[in-house]
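Working notes, structure below.
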Amino acid sequence: MSKLSIMKQVYASFRSLKWLNKYTTSVLFFLVWVLFFDKHNARTQWELHHSVENIKQEIIDYKEMTVAARLEKKDLELNKEKYARERFYMHKENEDVFIIVNEE
């Protein structure tokens, strides 16, 4: 069989498919191009979506840390001596400090 006859057979088999016309071929080509070769392909969109989710979680974490820092600042402003004793183990002369650690 020559190459020409093989090409004719392949062409005839494609012609027998009724759904394979220029419109479906164009749509399939477009979808393949957008999903794999475009600048904004599916993989890039997936990575961007996950980075956005990570950033949203970081925002929540930083808001929680900000609330904790504000409470600690308020505690420091109200009870400076208590804060220094508890955090930095400061004590007065002739005074013993006992540190009790709760193991959970």
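The values are calculated or read from the model by the stated rules, or taken from the named source; none is laboratory data. Everything quoted here is computed from the prediction, not taken from an experiment. Neighbour counts are summed over all protein chains in view; Cβ atoms, including those assigned to glycine, are modelled from backbone coordinates with ideal geometry.
Here are the numbers for the structure shown:
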quantity	calculated
Any chance Val97 is out of contact with any helix residue (DSSP H, G or I) (no Cβ under 9 Å at 6 or more places or on another chain), among the β-branched types (Val, Ile, Thr) and modelled with pLDDT under 90	no
Ser5 more than 25 Å from the chain's Cα centre (by Cα) and small (Gly, Ala, Ser)	yes
Among the candidates Glu77, Glu95, residue that is loosely packed, with under 10 Cβ neighbours inside 10 Å and in a helix (DSSP H, G or I)	Glu77
